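J.: Encoded as structure tokens, here's the structure I'll be asking about.
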Amino acid sequence: MFSFHDKTKFNRTWIRWSTAVLLAHFIAGLIIVMALNAKAVNHVLIPIGQFLGIFQIIWPEHPLYSLHFLATKSVFAFAHHDARSGLNLWTLEYDTYTSLIFIALSGIMGWVIATYRQQAISIPPGPLIACAAGIFFAALSVSYITVIDHCSGATWVGFVALYGMGINEFELYPAYQIICAAIGIAGLVGGLSWLRFTKNRVLA
């Protein structure tokens, strides 16, 4: 039985680790995208601003749809802006739904890490690894980037919408997203169940 002080300490640890995991996601995502595209981030965008006018028009007659419409637009995006062409060669984007999923996943991972740190008993690292792998695949399933490929000339521009990190011309991206999400959920549920079982067995 934890005291009030222990619970307060646990909650603070939980928040700190959740924040660290969320920041790590952004940093890792940028590193992967920059490495795959060989171009560093040099621009930050807030695309949702250009859709506020449409949102205000739709809102009076279709409030729920207008909220969904706005939630699917990128709140912010990291990009590599090419000064010569005036184009964003790649963008790593986060809409409202994606951001909420990342916050929830970070909260879960933060709780798992805080639980490990608080337990005086010995718990094997297996559940922690399973949870981390599950969260990785779940996050990967909703990570979205756009890439522009310059082929024979500057007038040819191909927009490729990708789920995942930098996989170019992946035609079956809906299947890719579903498979990654399924693996992620299975790993996360399995890791949490494994952690609970291990804790109960040790405490018994």
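J.: Taking the Cα atoms of the range 96-145 alone, what are Rg (to one decimal) and Dmax (as a whole number) in Å?
T.: Calculated on Cα positions, Rg and Dmax stand at 12.7, 42 Å.
J.: When the chain is fully extended, how far beyond the present Cα-Cα distance does Lys9 get from Tyr65, taking 0.36 nm per residue of separation? Spell out each step's value before the answer.
T.: Working: separation 56, 0.36 × 56 = 20.16 nm, distance 4.16 nm.
My answer for the length gained is 16.0 nm.
Bear in mind that the values in this text are calculations on the coordinates, not laboratory data. Given the structure is predicted, the values throughout are model-derived calculations rather than measurements.
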